[in-house]
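What follows is a single structure, written as structure tokens, with notes after it.
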Amino acid sequence: MSDKKELLAACKKAVETWDIALAKSATEAASKAGIEPKEIIAEGLGRGMETIGDRFDRAEIYLPQVVAASKAMGVGLNILMPKMEGKPSSMKGTVVFGTVEGDIHEIGKNVCCAMLRGAGFTVMDLGPDVSPQTFIEAAEENGAQIIAGSALMTTTLEVQRDVVVAVKENGGKYKTMFGGAPCSQEWCDSIGADGYSSNGAEINELATRLVG
Ligand code: B12
């Protein structure tokens, strides 16, 4: 029986080498060994995606490899997500979550949604490319407390500001929280957002604070 470190290393390697079969077997093995889904994501699959991001930034790999790695990550996430659903009794609040308009990156959003569900939040995942108006409508329909938006590009970061403006124009009923590679605490403060987190590991604390 492999130890925890090896199981997490296999999950990381699966994403780094865009190995779909390994992503499936390693994630299942880690889960079967009793490692918490959020740890498998944070210390295994997610670490692999970090490597991919760094290698892409250094032009060592190109978009097809990134897409392939994203698929491997997706296979692992799909295995873990059902295990992270919160029990209705522990529901802490409702979050509508999307990647902002013009932006199709959704791995980070998916990780965050899984983390929040695991902590007992009800999460409406609106997918990628979500307009400010769609965020508001979804929040209205689902009685949400928080609107959460991911942006991975400097060009789409600006849409987070549009979401804050839309929330204010709508009566300011919802808290807003944002994240994604180009986003920062300073940026969120400057646009009047309620919260920021640089990673999925801290998002539960942030969301709990916002609904509290
Ligand atoms: C994977 C990836 C892709 C995949 C996306 C697959 C998918 N289904 O999501 C594909 C190949 C499709 C892709 C496409 C493109 N990409 Co791309 N992509 C990446 C890459 C390599 C990794 C992103 C990722 O998934 N990271 C892993 C996840 C787990 O991390 P994360 O997203 O940062 O999320 C974590 C935190 O940020 C935080 N978080 C995220 N969201 C939120 C939200 C809230 C509320 C909170 C609290 C926290 C939070 O928690 C998450 C979990 O820990 C990045 C490089 C990088 N270093 O980020 C480039 C990158 C983001 N891409 C980039 C570009 C330019 C593009 C394209 C325009 C390329 C092209 N020429 O076509 C297109 C985008 C088209 C569009 N309209 O959106 C640029 C953006 C540059 C910029 N600064 O503007 C980057 C930075 C690469 C680069 N250095 O040039 N990409």
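The values are calculated or read from the model by the stated rules, or taken from the named source; none is laboratory data. Quick caveat, the model's predicted, so the values are computed rather than measured. For neighbour counting, all protein chains shown are included, and Cβ atoms are generated from backbone atoms with ideal geometry for every residue, glycine included.
Summary table below
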read-out	value
Checking TRP187 against (1) more than 10 Å from the ligand (Cβ to nearest atom); (2) of a type in the set (A, V, I, L, M, F, W, C); (3) closer than 24 Å to THR122 by Cβ, the condition it does not meet	(3)
Which numbered condition ALA33 misses (of (1) touching a helix residue (DSSP H, G or I) at 6+ places or on another chain (Cβ under 7 Å); (2) modelled with pLDDT under 90; (3) not aromatic (Phe, Trp, Tyr); (4) not assigned by TED's automatic domain parsing to the domain that holds CYS183)	(2)
Qualifying residue in segment 122-135 (condition: closer than 20 Å to GLU36 by Cα, assigned by TED's automatic domain parsing to the domain that holds VAL167 and surrounded by 17 or more Cβ atoms within 10 Å (Cβ to Cβ))	yes
